[in-house]
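Student: Sharing a structure here in structure tokens format.
What follows draws every value from the coordinates through simple rules; no lab data is involved. The shown structure was predicted, so the numbers you read here are calculated from the model rather than taken from an experiment. Because the Cβ atoms are built from the backbone with ideal geometry, glycine has one as well, and the counts that use them run over all protein chains shown.
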């Protein structure tokens, strides 16, 4: 164990060499502008970043949208859909691209860490269905384990109840209940996510968490019925290329490929004989990102990601079509 | 005025003056703590700046701006690291990109710690918080902090062994 005084000295010495620049004037000016224009449109964040930690991709059992909800009455109830029988465990399979498209270079394989959540998880997705597009999606997740992201944010009070709220300037909010039931609701910041949380009921039936929602936000439908998520494996296989700006990831704990990303509209596209879901957006930092998720086989979910605007939907589809399923190394 | 005193009930001029004092009192330690967490001065400046903006915008509604600011900086640092991890998911460690070269071993060693361990180390041994305060800042059980710190100290002893022997 390193001596605490030695470490304290190292940290303070290093910190002392870090220059600090005051930006006070910019803060006072920027904040004044915002005060005058409280409704100013904010740039969208890239929700997939948040999703990577929050695992907010949810899945739908069928390829098409399932619009079962209305604006009044019980939105959904009943047993969640399990992982398909015989599906491989997340982390046991991997993407491979034996014959990559011409634009792909420096292809390599690696692993990434998962395991950000534990316990049982049941999730559902809401969205405004507009043809092939799911607009302004919202996710609701009930869980009884731990989740790294649940410790983020600050305590806030909505409708007389305490929540933990993680707000992204790009317009996405992650809202967590404090106490029981454990719920995570994600979606656009201008939606009353607390009301959705308070309208959600959780039952523990036959070893599964079931979700029931009393009412839906105006214009919303249930696009992903409550579904049990699979184990969040500690290690996942990755195919990376183009200096890390392009990759394919295994996301099979999400069961099915429909990405109900909080905040970003997702669009249905064709991946060979399968259906994939594509979105592109800008991060809070202004960076560009695109992702395409699809299911090559029931219970297996891959996601192709690009942070290079030169390789958007068409290239990601091409990469997805060239991707095969292999056993994890 | 105590920079951490309640700002509730102030006029705009008073808010500006109180916030300015708060900013000057907190800026250096927040930027440097964030740099130790992120391994990047530029990213730390951005995270701290954005956190201060949030605090200023909510000044009238925040009763304890000091803890609020620290939590906001921590959350933004966590977000930055997540963003990076998505952009380069196969890269585990964060590479110090704009810190002084002589401190690169320290930043590399910190970068190899899990976020909560890294944050606990920085908050304990740089910011000087107690374990209870650290637990509050990280939103975890107080009993978690001690083991995180011990595990981190063990790992840092291995990573920084050459420096320790100097």
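Student: Per residue, how big is the convex hull of region A:154-258 when only Cα atoms are used? Give it in Å³. Write down the numbers at each step before the final one.
Tutor: On the way: hull volume 17.8 nm³, N = 105.
Each residue corresponds to 169 Å³ of Cα convex hull volume.
Student: Give the calculated FRET efficiency between residue A:270 and residue A:158 to the nearest 0.05, with a Förster radius of 51 Å applied to their Cβ-Cβ distance. Write down the numbers at each step before the final one.
Tutor: On the way: r = 41 Å, r/R0 = 0.80.
Using R0 = 51 Å, I get an efficiency of 0.80.
Student: For region A:207-329, would you read off the P(r) tail past 23 Å as a percentage of all alpha carbon pairs?
Tutor: Beyond 23 Å sits 37 percent of the P(r) for region A:207-329.
Student: Further question on the same structure: Mean 1/r over all different Cα pairs, inverted: what Kirkwood radius does region B:102-147 give, in Å? The partial results should precede the final answer.
Tutor: On the way: mean 1/r = 0.0918 Å⁻¹.
The Cα-based Kirkwood calculation yields 10.9 Å.
Student: Per 0.36 nm of contour for each residue apart, how much would the distance between residue A:13 and residue A:133 grow if the chain were fully extended, relative to their Cα-Cα spacing?
Tutor: Value of the extension gain: 37.9 nm.
Student: Using label points projected 7 Å from each Cα along Cα→Cβ, tell me how many nm separate residue A:215 and residue A:144, to one decimal.
Tutor: 3.0 nm
Student: Right, something else. Using a basic spin-label model with each label point 7 Å from the Cα along Cα→Cβ, how many nm lie between residue A:297 and residue A:201?
Tutor: Taking the two extended label points, one gets 4.0 nm.
Student: Then there's this: Can you work out D for region A:91-167 in µm² s⁻¹ from Stokes-Einstein, where Rh is the Kirkwood radius over C-alpha pairs, the temperature is 10 °C and the viscosity is 1.306 mPa s?
Tutor: Rounded to a whole number, D works out at 92 µm²/s.
Student: Further question: Given labels modelled 7 Å from the Cα in the Cβ direction, how far is it in nm from residue B:151 to residue A:190?
Tutor: Reported label-point gap for residue B:151 and residue A:190 is 4.2 nm.
Student: Taking the mean number of other Cβ atoms within 10 Å as a proxy for protection, how do you rank B:108-118, A:317-327 from highest to lowest? Present the calculation step by step, with values, prior to reporting the outcome.
Tutor: Details: B:108-118: 20.1, A:317-327: 17.7.
The densest-packed peptide leads the list: B:108-118, A:317-327.
Student: Right, here's the next one. Residue by residue through A:318-327, how many Cβ atoms from other chains fall within 10 Å of the Cβ on average?
Tutor: On the way: counts 0, 0, 0, 0, 0, 0, 0, 0, 0, 0.
What the average comes to for A:318-327 is 0.
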